[in-house]
Amino acid sequence: MELNQYLEVFIEESKEHLQACNEQLLELEKNPQDLTIINEIFRSAHTLKGMSATMGYEDLASLTHQMENVLDAIRNNRLTTTPEILDVIFMAVDHLEDMVQSIAAGGDGKKDVAETVENLKMIEKGEPLSNSANKEVAATAALEVNNQSHYDEFELTVLKQSKEQGFGVYEIAIALREDCLLKAARVYMVFEVLEKIGEVIKANPSVEQLEEEQFDHEFIVTIVSKDDPEDIKGKIMKVSEVVKTDLRSLEFDEESNEETFEVMDNSKAPNGSNSSVPDQSESIASEVSPVIDKKGSVKQQSNSSKTIRVNIERLDILMNLFEELVIDRGRLEQISKDLENGELTETVERMSRISGDLQNIILNMRMVQVETVFNRFPRMIRQLARDLNKKINLEIVGAETELDRTVIDEIGDPLVHLLRNSVDHGIESPEERRAKGKNEEGTVVLRAFHSGNHVFIEIEDDGAGISREKVLKKAISKGIITEQSAAGFTDKQAYELILSSGFSTAETISDISGRGVGLDVVKNTIESLGGSISIDSKENEGTIFSIQLPLTLSIISVMLVEIQKEKFAIPLSSIIETAIIKDTDIMNAHNQKVIDFRGKVVPLLFLKDIFEVPSEQVDDQFHSVIIVRKGDKMAGLIVDSFIGQQEVVLKSLGNYLTNVFAISGATILGDGQVALIVDCNALIK
């Protein structure tokens, strides 16, 4: 068996199961008596064990098996959930994640886990295990009790009407090999066979239980079909690891309305199979269109969502190809305008609409829920709280909010740093909180939401807050600001000083974090993504870090402007408005040209000077200005003329032009010219 083709699926599904284990273990810690949670963790561990064994990763399968034993003891009330036991299980999950990561990186997935295995064995031996022989007897007895299905009124109606129309109605008992590792996969294959030869009416155990492998090795399926019973049995027996198929015809007692059974001798055809009856597609089964729901009963057929796994590199290639199409679309639009041909114009307009729809689909394909980043944080916060002897509740809101994958890849580390700061120096110790009259358990809220063309991510804590006086005092001592300027700082301006390089108000810097240490890196990362970060805080009440990010980075809306014969693109997300000003509107303040914009003093920046564009000296009484914003700060960019709004593809300048001031990239316009894209964040101090 060639396993390499399944390696990628194995890695992805293993990560999903381990993430599920982490999430459910955190829930179990809050509700240690909830056996439902234990069963969920057990199911993930059991599936992971089977997958690992099938792929030949014996160390991974062995550790999972030992963890599974402990979980089994808990769910069977032989062990009681304690924080100490959970710590060991968490450690086992950590090891499993390391091993899967090793496999993903091309390694062998091996790791020295002897100590953790020994701890798991000691936990398992804490109380005597039940006799395995008794368990086997109990399982066999359970199968004998459930060796036939019972039907509700609707199911009986479907079965009886199918019978009347000449269909055979069968209960099929199917047994898998006792050493079958992927029982759910075999069940799926059996159902695929059955759905091709008839209609599945019911399953016992239910479909959900079969999917979760909550059965021994035998299950029963009720179907209606016109196929010969011998053919049905033969097709099922062709499924790998199916060792037995018992097929019984279902008859009905009209007076009692109860079902009875007739064991087929494999030569008997379905009742009325030789009579002239409508095609199977026209049967009552098709009219009612029954399918099995999660409880194993009949429900009306609905469209289930279909998903496939796609390598992200393929999406990147698709995006690059579409970016080239956007560039050519712009050129076609320009050519169409120049030629003024009606048919060409109509065709180009239609192509523009279609490519616009295609653009939305491709951009949506690249969108990823922030949950993929957020889901690692509950475990991290739990460990930090234990290390710091604090009680912390992490609340996650809006995990379904979507961001472009490029942004998702970059935002994880800044969020980790901000959360660690909130936990370490934001939330006080239980003793301090009690002394302040607070609940001894601190709360950290991680929140994401859409607003316009941006996504906002907020980290809010109800901790000690930031001391304005301490921040200003530290900033003055570091020479970041003067005492005179400090007096005019708003609270928000004061708080944002902690984003300065090397700034810290922490009296002692722990190995976890110090509020402010490294926050300049956080700020730089966010701004490199075209975003911004702001801080709001109240002493002894808490702090909110708010991050604003663009939805996508690859195709952006811009305002095209001209400076002499050069064209520049300014992102619309930064623009407040455009205006024409007179020479007489320009004033001087502190050696800086400024204008009065709606009651605010806004500095003017002449882009031709900043980018050193060669120009002829022309005295113009009027100037085109674009008011741009970065947080609460504004500036007016002076250009020669406005061209108009356009969607452009953001292209990197390459390895040779990595440090060009205030330029974030370039784009190719419809006429083939290259326009540089202005980074407004870099221009506004």
Query raised in the report: What residue, among those in the stretch 556-580 that are aliphatic (A, V, I, L, M) and surrounded by fewer than 18 Cβ atoms within 10 Å (Cβ to Cβ), is farthest from residue 422 (Cα to Cα)?
Result: 580
Report task. Give me a count of the residues in the stretch 425-470 that are closer than 19 Å to residue 381 by Cα, in contact (Cβ under 8 Å) with a residue 60 or more places away in the chain and open to solvent by less than 20 Å² (accessible area, probe 1.4 Å). Result -> 9
Query - Verdict on residue 425 being touching a Lys or Arg at 6+ places or on another chain (Cβ under 8 Å) and at pLDDT below 90 - result: yes
**Report entry** Hits in the stretch 403-419 - residues which are open to solvent by 10 Å² or more (accessible area, probe 1.4 Å) and either at pLDDT 90 or above or closer than 16 Å to residue 534 by Cα (or both)
**Finding:** 417
Report summary line: Note on residue 678: of the conditions (1) open to solvent by 10 Å² or more (accessible area, probe 1.4 Å); (2) more than 17 Å from residue 326 (Cβ to Cβ), unmet is (1)
Query raised in the report: Can we say residue 47 is polar (S, T, N, Q), buried (at least 21 other Cβ atoms within 10 Å of the Cβ), over 22 Å from residue 384 (Cβ atoms) and at pLDDT 85 or above?
Result: yes
Query raised in the report: Can you pull out the residues in the stretch 414-455 that are of a type outside the set (Val, Ile, Thr) and in a strand (DSSP E or B)?
Result: 441, 442, 446, 447, 448, 449, 450, 451, 454
Query raised in the report: Among 441, 432, 346, which is closer than 16 Å to residue 460 by Cβ and not β-branched (Val, Ile, Thr)?
Result: 441
Report task. Considering only the stretch 589-685, give the strands (runs of 3 or more DSSP E) lying wholly within it that have at least 3 residues that are farther than 17 Å from residue 559 by Cβ. Result -> 592-597, 600-606
Query raised in the report: Within the stretch 392-413, how many residues are closer than 11 Å to residue 445 by Cα and part of a strand (DSSP E or B)?
Result: 6
Query raised in the report: If a residue has to be modelled with pLDDT of 70 or more and either surrounded by 15 or more Cβ atoms within 10 Å (Cβ to Cβ) or more than 28 Å from residue 557 (Cβ to Cβ) (or both) to count, how many in the stretch 497-545 make the cut?
Result: 29
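The values are calculated or read from the model by the stated rules, or taken from the named source; none is laboratory data. Treat the numbers as computed from the prediction; the structure is a model and nothing was measured. With ideal geometry, Cβ positions are generated from the backbone for all residues, glycine too; neighbour counts draw on all protein chains shown. The area values use the complete protein model at the heavy-atom level, side chains included, leaving out ligands, DNA and RNA. Shrake-Rupley method; radii C 1.70, N 1.55, O 1.52, S 1.80 Å.
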